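A.B. asks: There's a structure below that I have some questions on.
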Amino acid sequence: MKKIDMHVHTSGASFCSEVSGKMAADAYRKAGLDGIVLTNHYSVRHFEYFGHDYDSAVKNYVDEYHRVKKVFESAGMSAYLGVEVEMSDGGTISDTTKNHEFLLYGANEEFLFENPKLYDMTQKDLYLLCHKNNILMFQAHPFREEQGHHPADPEYLDGTEINTHPKYKWNVERLFRFADKYDLSVICGSDMHYVSQAGDAVTILPKRVMDNAALAEYLKKTQRPEIIYANNRLLRKSV
């Protein structure tokens, strides 16, 4: 089995992260994990920071994944391509706006180049586009009310996550009640921005999950993979 952090940011594509790919690889190897899903921010503000237009921003986004993947593989670990889409509401995020961010598992770089400006789509349209391309869509930290995050429409979600970022409440029981009520999958991610977070969140995957497509297929068939957080092992079934 493989211990994977499902929600990780690096500084080459997420300006809020203090962690380079090399720093992340060193930290996760030391923490005893087998890899990560690199879910850098896919948003108006991050793309404007890293590119002068959409195409250049997406190129940097994909190039950062390849840079990180290379250093992880050199360290004997895996790095999968993920996406964290921040819905823009006209390109702005404010305290009065319901902030929705969605983690995409199973996307490849061709999907990103061929489907521009995912952040301008509605949740429903993004979900339908993802399913057309065998990509699963999870809501990131749906109870992070400190930043205005609240549960999105469960009809257009495959799952959600336990998020162990140290700055915010984890709301684990509320999250499970939400997931159980709407029959959603649950994974675990650290939302890593600092090296100290490596090892805080683990989702267990079988060794046969070798690429992005296999990751999406496994999550589709395994609604509640085994997860570890706060040094506790937890496996939950729907009720």
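A.B. asks: Might you check whether a residue that is over 13 Å from the mean Cα position of the chain (by Cα) and more than 18 Å from Asp191 (Cα to Cα) occurs anywhere in segment 8-15? Spell out how you get there, then give the answer.
C.D. replies: Step one: of segment 8-15, the residues over 13 Å from the mean Cα position of the chain (by Cα) are 11-13, 15.
Filter once more, so that each one left must be more than 18 Å from Asp191 (Cα to Cα): none.
No - not one qualifying residue is present in segment 8-15.
A.B. asks: In the list Gly189, Gly199, which residue meets the criterion of being among the small types (Gly, Ala, Ser) and at pLDDT 95 or above? Lay out the reasoning, then the answer.
C.D. replies: On the way: Gly199 fails: at pLDDT 95 or above.
Among Gly189, Gly199, only Gly189 is among the small types (Gly, Ala, Ser) and at pLDDT 95 or above.
A.B. asks: Which of the residues spanning segment 130-152 are at pLDDT below 90 and polar (S, T, N, Q)?
C.D. replies: Scanning segment 130-152 gives a single hit, Gln147.
A.B. asks: Select from segment 125-162 the residues that are of a type in the set (A, V, I, L, M) and in contact with a strand residue (DSSP E or B) (Cβ under 8 Å, 6 or more places away or on another chain) and list them in ascending order.
C.D. replies: Filtering segment 125-162 for residues of a type in the set (A, V, I, L, M) gives 126, 128-129, 135-137, 140, 152, 157, 162.
Across segment 125-162, the qualifying residues are Leu126, Ile135, Leu136, Met137, Ala140, Ala152, Leu157, Ile162.
A.B. asks: Answer yes or no as to whether Met137 is free of Cβ contacts under 8 Å to residues at least 60 places away in the same chain and closer than 19 Å to Ala79 by Cα.
C.D. replies: Details: free of Cβ contacts under 8 Å to residues at least 60 places away in the same chain: yes; closer than 19 Å to Ala79 by Cα: yes.
It is true that Met137 is free of Cβ contacts under 8 Å to residues at least 60 places away in the same chain and closer than 19 Å to Ala79 by Cα.
A.B. asks: Another question, then. Please find, among Val209, Val195, the residue that is out of contact with any strand residue (DSSP E or B) (no Cβ under 8 Å at 6 or more places or on another chain) and touching a residue at least 24 places away in the same chain (Cβ under 8 Å).
C.D. replies: Working: Val209 fails: out of contact with any strand residue (DSSP E or B) (no Cβ under 8 Å at 6 or more places or on another chain).
Going through Val209, Val195 in turn, just one is out of contact with any strand residue (DSSP E or B) (no Cβ under 8 Å at 6 or more places or on another chain) and touching a residue at least 24 places away in the same chain (Cβ under 8 Å): Val195.
A.B. asks: In segment 1-120, which helices (runs of 4 or more DSSP H) lie fully inside it and hold 1 or more residues that are under 23 Å from Ile228 (Cα atoms)?
C.D. replies: Working: elements: 21-31, 44-50, 54-74, 109-114.
So the answer is 21-31, 54-74.
A.B. asks: Could you check, for segment 101-122, whether at least one of its residues is over 28 Å from Ser185 (Cα atoms) and among the acidic types (Asp, Glu)? Spell out the reasoning first.
C.D. replies: Of the residues in segment 101-122, the ones over 28 Å from Ser185 (Cα atoms) are none.
No: segment 101-122 contains no residue that is over 28 Å from Ser185 (Cα atoms) and among the acidic types (Asp, Glu).
The values are calculated or read from the model by the stated rules, or taken from the named source; none is laboratory data. Here the structure is a predicted model, which means the values were calculated and not measured. We place every Cβ from the backbone using ideal geometry, glycine too, and count neighbours over all the protein chains shown.
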